[in-house]
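Working notes, beginning with the structure itself.
Bear in mind that the values in this text are calculations on the coordinates, not laboratory data. Nothing here was measured: the structure is a model prediction, and the numbers come from that model. Heads up, the Cβs are rebuilt from the backbone with ideal geometry, glycines too, and the neighbour counts pull from every protein chain shown.
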Amino acid sequence: MTMTTTTTMPATKAILLLIAVLIAAAFTLAVATAPAHAQGGTYVPKKNDGKVYAELTKAPKKAITRRNPMEKDPDAEAAGANLYDQHCAECHGELAEGTRKGPSLRVDQVQQATPGTLFWLLTNGVVRRGMPVWSKLPEPERWQIVSYLKSLSPETTEPKPQ
């Protein structure tokens with residue numbers, strides 16, 4: 001009986017080691033090929049993939065037609081820039097040029113969106129792509145961010161590859 005245990009024990013250890021190696025390889029492959037949002041970031045499609053901006057088209061008509069009540073406030077843009085730095089720059093970049101975590105906000109799709117659409121998107125977020133809901137941010141502050149975003153000059157070239 002001791003002989004049987006001795007001969008099967010190394011085989012059992014070898015099988016367990018093989019299973020552990022296969023699990024580790026599968027995990028490594030899954031992490032390496034998973035979209036960034038599954039890795040704690042936000043998945044940003046390759047350039048020219050309009051899907052990342054498709055959420056802008058989902059704003060309801062009532063939201064689209066909303067006007068920015070701060071559009072004539074001379075301080076709104078500067079206040080919005082400060083708020084952008086605090087809440088948005090980490091994902092969208094210091095100059096809103098986009099990063100691996102968030103898309104550029106200087107592209108035509110964003111710059112041509114109505115203030116109401118941008119406000120709606122800020123308020124509701126895009127949770128499945130990693131953009132938080134900012135509805136707890138006071139409404140005037142969200143409008144200030146919209147003022148800042150609308151003040152940005154559009155990209156003169158295509159968005160950077162992500």
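A few comments on the model shown:
- Distance between modelled label sites at Ser151 and Lys62, nm, 7 Å Cα→Cβ extension: 3.1
- Qualifying trypsin sites (Lys or Arg not before Pro) in the range 114-152, DSSP loop, other Cβ atoms within 10 Å at most 13: Lys136
- Between Ala14 and Thr123, the contour length at 0.36 nm per residue exceeds the alpha carbon distance by 33.7 nm.
- Residues with amide H under 5 Å from that of Val126, placed H, sequence gap 5 or more: Met131
- Seen from a random direction on average, the alpha-carbon convex hull of the range 43-151 projects onto 6.2 square nanometres.
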